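Heads up: the structure comes next, in C-alpha cells.
No lab work stands behind these numbers, since they all come straight from the coordinates. As the structure is a computational prediction, the values presented were derived from the model and not from experiment. Positions of Cβ are generated from backbone atoms using ideal geometry, with glycine treated the same way; all protein chains shown enter the neighbour counts.
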Amino acid sequence: MSDASGPETDELGGLEALIASRRSKLARLRDAGIDPFPGRTQRSHTSAEAHAAFLALEAEGETEGPEGVMLAGRLVGGVRHFGGSSFVHLRDGSGELQLHLRRNRLGDEAFERFKAEFDAGDWVSASGSLFRTRAGEVSLAVDGIRMLAKSLLPLPQKYEGDALKDVETRFRQRYLDLLSNAESRARFVTRSRIVSAMRRFLDGRGFLEVETPILQPIYGGGSAEPFTTHYQALEQTMYLRIADELYLKRLLVGGFERVYEISKDFRNEGVDRTHVPEFTMMECYWAFADYLQMMDLTEAMIVGICTEVNGDTVVEIEGRPLDLGAPWRRITVRQAILDATGIDIEASWGDLEGLRAAIRARGIHCDPQPTWAKTVDELIGEQVEPAVWEPIFLMDYPVALSPLAKRKADDPRYVERFEPLVAGFELGNCFTELNDPIDQRARFEEMAEHRAAGDTEAQPIDEDFLTAMEHGMPPAGGLGIGIDRLVMILTGTVNIRDVVLFPQLRQRGG
C-alpha cells in the first residue's frame, strides 16, 4: 500500500490505472469470501478515548493495555513497511491513532492481505492492545483488521502536507475537504456549537422556537429578489422565503410574546465573500420591547456566544485582533455617512438628483441606484461598512429604506432600526416593529411605486399580513442575525463559502 496523495498514482500510471487497481482489490476480497462493505461493526473506543485510557494506565506504571480495544475509522496517510511490520494511521471523528501491524501477530495470510488489498481512504475496524512505540507514539498493536468500506477512488492529490488546498475541490467535494483539513472540520464543529449556544441563549430568555413556511405565496420581510417555483397541486406560483419576518409577526398577533426561528432563507442574488443565495438566519420577535432593548439583547447574545465558544471576546481575522466585548458604539446613519463622506443626507432629503450631485462633487464612487433611498443604502454599503472594524450599532435609518419599521416619534422621516456592523459588514438587522396597519399599507403602496420605477427588490403588498395586523399586533422589537456571517466572525473566516458546508456553485461546463 502506498500514499494515495502522491506515489500511488505515479506508480500505477495515472488515475484510471489506480481506480482499476482498487476495483481489482475489491474483486479479490469478494473472491476470498470477504464482504468489503459489511452492514455493521463494533467499536469499544474512539481513538481519543483509547489514547486517554492508555495514558491513565501509563500513569499507574503500566506499559501496555488496555486489552481488547476495537477502533473504527479511515486509513489516512501512507503506510510504512519495516520487514514484517507496517505502520499506518486510523482517523475517526475524535482524532487519529497509529496502527502497528506485525506479521507474527496477525499471521501471514492476514498480513499479506493487508499489504495487498488495503489502501489509504479505506474504512476499517482494528482490534488489539495499546502500547507506546520506541519513537514515543501511542499505538494499537493490531490483532485483527477488517474492511468496512473499500475506497474505490483515491484521496485528493493537491495537498500541502495533509491539507487539501484546491479551492474548487474544497467547495464542490466538501467531504474531501473535511477528511483532509483538520481546520475545516474544526470550523464546522464550531458552527454547530455557535447555533447551539444561540438556542440556549434565546430559550433561557423565554423565547419559543417555531417553524414557518419556506414556500410562500407572497414573499416579504426584506428587500430582495426571490426564487420562484410552481406548486402543481395548488396550481399557483410560489416563492422561496427571503425572510421569516411576516409569519413570525403573525404569531405576535396570535398571542405569542417571544418567538424565534433559525432557518434557511433564499435570495436570488449574486455571490461574494459575504453573500450566498441560500443562507441561514435567526429571527426573533419580542412583544413589548423596542429596538433599544433589542440592542442590549443582541450585544449580550453575541458576546455570550463568543465567550462560550472561544473562551474570550477577542477573535482574530487574518492576523488582526477584533474585540467583540461590550459596550458597542452606537451611531446614526446620518452621522456615519457624514463622517465617511462629508455628505449630509438631510441636505438632499428625497431628492435623487441632488444626492447624486453631492456624490459627484466629492468624487465618490457609487453605483447608480433607481431611488434616493437605494442611493443612501449604497453609500452605507460602500463607504460606511468597509471602514468599520470594532462592532457598532448603526441606527435610525430613513423610512424609505425600512418599510416594516416604526417611525421615530421625534422625527418621522427616520425609523427605529439598527444594524450591527463588525469587520466591514453587517451581521443582521433590527426594528422596533411597525404595528400600525394603516401606515403599513401606505408603506407597501410606496414600495409598489418603487417597483414600478425599476426597484426589483421592493416588497410586494401582502394583504394577508395586513389583515393580521388589522386584528391588532402588539408593539415589539424584531431582530435578524445572519448565522453564516456570525460564524465567519467567530472563526476568523473571510469567505462565507468556507462556513457553508455545501455552497451552491456553477455547474461544470455551465
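So if I take the centroid of the Cα atoms in the range 279-318 and the same for the range 421-499, what is the distance between those two points in Å? Centre-to-centre distance over Cα atoms comes out at 18 Å. Dividing the Cα radius of gyration of the range 256-407 by its Kirkwood radius returns 0.99 for Rg/Rh.
Looking at the P(r) of the range 27-91, how many percent of alpha-carbon pairs lie beyond 13 Å? Percent of Cα pairs beyond 13 Å in the range 27-91: 75. Of the DSSP H helices in the chain, none is both long (alpha-carbon extent of 15 Å or more along the helix axis) and hydrophobic (Kyte-Doolittle mean at least 1.6). Dipole orientation for the chain: of the candidates 70, 239, 286, 70 has the Cα lying most toward the positive pole (charges on Cβ; Lys, Arg +1; Asp, Glu -1).
Name the residue farthest towards the positive end of the dipole of the chain from the options 384, 175, 314, assuming +1 on Cβ of Lys and Arg, -1 on Cβ of Asp and Glu, about the Cα centre. After comparing all options, I get 175. The range 64-96 and the range 251-268 have Cα centres lying 48 Å from one another. Remark: the range 83-91, residue by residue, has Karplus-estimated 3J(HN,Hα) of x, x, 10, 9, 10, 7, 9, 10, 10 Hz, where x stands for each Gly or Pro and the curve is 6.51 cos²θ - 1.76 cosθ + 1.60 at θ = phi - 60°.
Placing +1 on the Cβ of every Lys and Arg and -1 on the Cβ of every Asp and Glu, with no other charges, gives the chain a dipole of roughly 1760 debye about its Cα centre. Sites counted here are trypsin sites (Lys or Arg not before Pro) in a DSSP loop (not H, G, I, E or B) having no more than 13 other Cβ atoms within 10 Å; the longest part of the chain that contains none of them is 135-361. Under 5 Å between amide hydrogens, built in the peptide plane, is the criterion, and for residue 122 it picks out 75, 151 among residues at least 5 positions away or on other chains. With the Kirkwood sum run over all distinct C-alpha pairs, the range 2-122 has a hydrodynamic radius of 16.2 Å.
Plainly put, the range 409-508 has a radius of gyration that is 1.07 times its Kirkwood radius, both from alpha-carbon atoms, as the Rg/Rh ratio. Couplings for the range 425-430, taken from phi via the Karplus curve 6.51 cos²θ - 1.76 cosθ + 1.60 with θ = phi - 60°, read 8, 8, 8, x, 8, 8 Hz in order; Gly and Pro are left as x.
When the distances between all Cα atoms of the chain are binned every 10 Å from zero, what whole-number percent does each bin get? Histogramming the chain at 10 Å steps yields 3, 15, 22, 19, 15, 12, 9, 4, 0 percent. The value obtained for the range 109-252, namely the Cα convex hull volume divided by the number of residues, is 259 Å³ per residue.
Hey, could you get me the Stokes-Einstein D for the range 193-241, Kirkwood radius over alpha-carbon pairs, 20 °C and 1.002 mPa s, rounded to whole µm² s⁻¹?
D, rounded to a whole number, is 160 µm²/s.
Normalised size of the range 217-342, defined as Cα radius of gyration per 2.2 N^0.38 Å with N residues, equals 1.35.
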